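Below you'll find the structure, written out as structure tokens, and then a few comments.
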Amino acid sequence: MEVIIQSTPEHAAHQAAVRIAQSIRRKPALVIGLATGSTPLRLYDELVRMNREEGLDLSQITTFNLDEYLGLPATHPASYRRFMQENFFGRTNINPQRTFVPDGMAADIPLHCREYEERIKAAGGIDIQVLGIGSDGHIGFNEPTSSLASRTRDKVLTEQTRRDNARFFQKPEDVPYVCLTMGIGTILDSRQCLLLAFGAHKAEAVAAAVEGPLTSMIPASALQLHADAKVYVDEAAAARLKLRDYYDYAVKHSP
Ligand code: F6R
């Protein structure tokens, strides 16, 4: 894994946005996997700015979101479809027809999950997958002990994740217990992964994912198996990394 440590979340998000923008300029029909939550907000702001001010054309990209809450319609204020619409899609020239988010209201969940996987394949696979990390080490909503070979499916959220995400709901008890999420196998199939993590509350999960053993107890550690995974962190999220100096040195000397 390549670890890129920046002084602030803004700098880290900017670096990740520049990487994505370069890829879009090379391949305008790029297929991008997207995350929700607080972490990617600065990245989306930066891509929106590049779209408006720097001529970054997003009209041909296709996007696949990692996850959605089961039982929430797209119109629900806490649904991830709505989150994406408000924070990214609706602020750009992205073609809404090419934005895919798992449907939390699908009548036949196993069928819907299989079709989601098929749709990703039909689009040519995911070129760049954007990821955040949960304080319990989850990526997507693959909670600890998720199979490292898992595909898109329903998953019961841990109590910790429900607590962490309660801020998006009116009452903590409104947070659904179940979600739909791409699997770890789905994520590992992407050509490049960009994991972003900011703040001291992510430091332990980041260190376990990057430097700990490969284990389903820390689902993000599965990225150790990925040939092209980059981790963008601010100083606070990097605080528990043992090889911190090496990462700076490697970025400085990399060809
Ligand atoms: C959301 C997702 C999750 C979040 C993680 C961190 O689509 O896939 O893995 O990235 O829960 O959430 P924040 O960024 O809110 O700390």
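Some values worked out for this structure:
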{"read-out": "Amide hydrogen neighbours beyond the local backbone of Tyr232, cut-off 5 Å, H modeled", "value": "Ile4, Leu195, Leu196, Ala197"}
{"read-out": "Under 5 Å, built H, 5+ apart or other chain: amide partners of Ser150", "value": "Ile184, Gly185"}
{"read-out": "Sequence-separation-based contact order of the chain, relative, with Cα cut under 8 Å and 6+ spacing, percent", "value": "24 percent"}
{"read-out": "Cα gyration tensor shape of the chain, rounded if a/c is under 1.5, else prolate or oblate by comparing a/b with b/c", "value": "rounded"}
{"read-out": "Cβ-derived FRET efficiency at R0 35 Å, Asn87 paired with Lys242, nearest 0.05", "value": "0.55"}
{"read-out": "Sorted peptide list for 65-76, 136-147, 16-27, criterion being average Cβ within 10 angstrom, highest first", "value": "136-147, 65-76, 16-27"}
{"read-out": "Rough spin-label spacing in nm, given labels placed 7 Å along Cα→Cβ, for Glu10 and His201", "value": "2.2 nm"}
{"read-out": "Gain upon complete extension [Lys252, Arg19; 0.36 nm per residue less C-alpha separation]", "value": "82.2 nm"}
{"read-out": "Cα-centre dipole for the chain with unit charges at Cβ (Lys and Arg positive, Asp and Glu negative), debye to 20", "value": "360 debye"}
{"read-out": "Charge sum, other residues only, whose C-beta stays under 14 Å from Ser79's C-beta, Lys/Arg counted +1 and Asp/Glu -1", "value": "-3"}
{"read-out": "Value of relative contact order over segment 148-249, rounded to a whole percent, pairs C-alpha under 8 Å and six or more apart", "value": "28 percent"}
{"read-out": "Nonlocal amide H pairs with Leu34, under 5 Å, H built at 1.01 Å", "value": "Phe64, Asn65, Leu66, Val130"}
{"read-out": "Helical contribution to [θ] at 222 nm, DSSP H n ≥ 4, -39,500 (n - 2.57), averaged over the chain, rounded to 500", "value": "-10000 deg cm²/dmol"}
{"read-out": "Relative exposure of Phe64, Phe83, judged by other C-beta atoms within 10 Å (fewest first)", "value": "Phe83, Phe64"}
{"read-out": "Of all DSSP beta bridges in segment 115-255, antiparallel share, percent nearest 5", "value": "35 percent"}
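None of the figures in this text is laboratory data; all of them are computed from the coordinates on show. The structure presented is a predicted model; accordingly, all values stated were derived computationally and were not measured. Cβ sites come from the backbone with ideal geometry, for glycine too, and all protein chains shown count toward neighbours.
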